[in-house]
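These notes are about the structure you will find just below.
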Amino acid sequence: MEKFYGTRLGKLKAGKQGILHVNNWIVNVYRPLMERPGVFENAMKAAFMQAKHDGVSILEMSIDIYMGKLLNISPAKIVETLDHVHKSIAPEIDFRPEIGFKRTFSVRSLLSAFEPYLDFNYFKAIDLYDDESAQPIKNFYEIFRFAKKNGYRCKAHAGEFGDAESVREAVDILELDAVQHGIGAADSPEVMKWLADLQIPLHTSPASNIGLKRVRSYLTHPIRILFDNGVKVTINTDDVMLFDKGNSEQYLKLFNCGLFTPEELDHIRLNGILSD
């Protein structure tokens, strides 16, 4: 992406815990460069090249519902670009694109932005992210019910910064198929047992959690606690450009710090590949 832009991108530096620093980086560093023609296609090329280089066989990647408006491109063009880049760079990858919704927007506006994408039958899932405290999770029940009715898998960021109950609440109210992060659940044996019994996967992102100061290090990451309590965990990049770590590097870090054995990491790898 730096080659495409012809300039160095300032690194994300989180001074304290929270998602605010990511949003500030997007607004102050990345967004000013996004008006260049072809930026979406090149960003997607970079994503697929990274996934291919990392040996990814199933790629679940979220595209923000307002990406088209931000870049002044239509939903049809977004789908066309994704399909073209996927087939030209990494056709061997099982690509499962997702639509992403920010918690800071109203459900009415999100549903309105979602509607133009429904006719393409291209996206496989939805995700809810951004500031967990922006508004109550119950506010999004309608959009998740609508998505599930239309055959989408349902995911949401919960317990990234919130507690164990925030994870249970999100799964229960939104009828989630998976939780993004969910590491707050490690504070409650009861919630972990509940998640394990339901076989709800937690898609953890150690590099992101460390980069945003939610966790001190790989050695102290709660993925070990979750794993030991029978919770189905996977390892994910969250955002390679922000946190500079692919999946391979994270697996290696978790091994080198002594948190997991190769056999345990392979079990986690299979959790991701075999998740439906």
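The values are calculated or read from the model by the stated rules, or taken from the named source; none is laboratory data. In this text the structure is predicted, and so the values were computed from the model without any measurement. Cβ sites come from the backbone with ideal geometry, for glycine too, and all protein chains shown count toward neighbours. Remember, those area values only see protein heavy atoms, side chains included, never the ligands or the DNA or RNA. Shrake-Rupley method; radii C 1.70, N 1.55, O 1.52, S 1.80 Å.
Just the number: Rg to Rh for the chain, Cα atoms, Kirkwood Rh, two decimals.
We get a ratio of 0.94 for the chain.
In the full protein assembly as shown, how much of Met241 is accessible to a 1.4 Å probe, in Å² to the nearest 10?
80
What are the chymotrypsin sites (Phe, Trp or Tyr not before Pro) within the stretch 1-81 that DSSP puts in a loop, where the Cβ has at most 13 other Cβ atoms within 10 Å?
Working: sites: Phe4, Tyr5, Trp25, Tyr30, Phe40, Phe48, Tyr66; in loops: Tyr66.
Here no chymotrypsin sites (Phe, Trp or Tyr not before Pro) fit, given the DSSP loop and packing criteria.
List, in the order given, every pair from Lys69/Lys155; Lys77/Lys102; Lys193/Lys213; Lys213/Lys253; Lys11/Lys124; Lys148/Lys193 whose Cα-Cα distance in the structure shown is over 28 Å. Can you show the working numbers first?
Values: Lys69/Lys155 23 Å; Lys77/Lys102 21 Å; Lys193/Lys213 26 Å; Lys213/Lys253 17 Å; Lys11/Lys124 32 Å; Lys148/Lys193 25 Å.
Check vs 28 Å cut-off fails for Lys11/Lys124.
Is there a quick way to get the dipole size of the stretch 121-219? I mean about its Cα centre, with the Cβ of Lys and Arg at +1 and of Asp and Glu at -1; what is the value in debye to the nearest 20? Each step should come with its number before you reach the end.
Numbers: 12 positive and 15 negative charges, 72 e Å.
It works out to roughly 340 debye.
Calculate for the chain the 222 nm mean residue ellipticity that helices alone would give, adding -39,500 (n - 2.57) per DSSP H run of length 4 or more and normalising by residue count, nearest 500 deg cm²/dmol.
On the way: 14 runs with 122 residues, N = 276.
The helix contribution divided over the chain gives -12500 deg cm²/dmol.
Using modelled backbone amide H atoms (1.01 Å from N, in-plane), which distant-in-sequence or interchain residues come within less than 5 Å of Leu128's amide H?
Phe101, Lys155, Ala156, His157
From the phi of every residue in the stretch 55-65, what ³J(HN,Hα) in whole Hz does the Karplus formula 6.51 cos²θ - 1.76 cosθ + 1.60 yield, where θ is phi - 60° and glycine or proline is x?
After applying 6.51 cos²θ - 1.76 cosθ + 1.60, I find x, 5, 9, 10, 10, 10, 10, 9, 10, 4, 4 Hz.
List the relative contact order of the chain as a percent without decimals, with contacts defined as Cα pairs under 8 Å and 6+ residues apart.
Details: 410 pairs, mean separation 38.1, N = 276.
So the answer I get is 14 percent.
Can you spot the aspartates and glutamates whose alpha carbon is less than 14 Å from Lys87's alpha carbon? Ignore those fewer than 8 places along the same chain.
Those aspartates and glutamates meeting the cut-off are Glu41.
Might you tell me the accessible area per residue for the stretch 39-187, computed with a 1.4 Å probe and given in Å²? Intermediate results must be reported in sequence, preceding the final value.
On the way: 6610 Å² over 149 residues.
That works out to 44 Å² per residue.
Relative contact order (percent) for the stretch 155-237, with alpha-carbon contacts under 8 angstrom and 6 or more residues of separation?
Values: 151 pairs, mean separation 24.1, N = 83.
Across the stretch 155-237, relative contact order equals 29 percent.
Got a number for carbon plus sulfur as a percent of the stretch 134-241's accessible area, 1.4 Å probe?
About 48 percent, which is the carbon plus sulfur part of the accessible surface.
In the full protein assembly as shown, how much of Leu176 is accessible to a 1.4 Å probe, in Å² to the nearest 10?
It works out to around 10 Å².
For the stretch 1-109, which GluC sites (Glu not before Pro) are in a loop by DSSP, counting at most 13 other Cβ atoms within 10 Å? Display every interim value, and only then the final one.
On the way: sites: Glu2, Glu35, Glu41, Glu60, Glu80, Glu92, Glu98; in loops: Glu35, Glu60, Glu92.
Those that pass, being in a loop and sparsely packed, are Glu35, Glu92.
So which trypsin sites (Lys or Arg not before Pro) in the stretch 193-276 pass both tests, a DSSP loop state and at most 15 other Cβ atoms within 10 Å of the Cβ?
Numbers: sites: Lys193, Lys213, Arg214, Arg216, Arg224, Lys232, Lys245, Lys253, Arg269; in loops: Lys213, Arg214, Arg216, Lys232, Lys245.
Of the trypsin sites (Lys or Arg not before Pro), the ones in loops of the stretch 193-276 whose Cβ has at most 15 other Cβ atoms within 10 Å are Lys213, Arg216.
Hey, can you grab everything whose amide H is under 5 Å from the amide H of Ile63? Only 5+ residues off in sequence or another chain; H modelled, so Pro and N-termini drop out.
Under 5 Å from the amide H of Ile63: Glu98, Ile99, Gly100.
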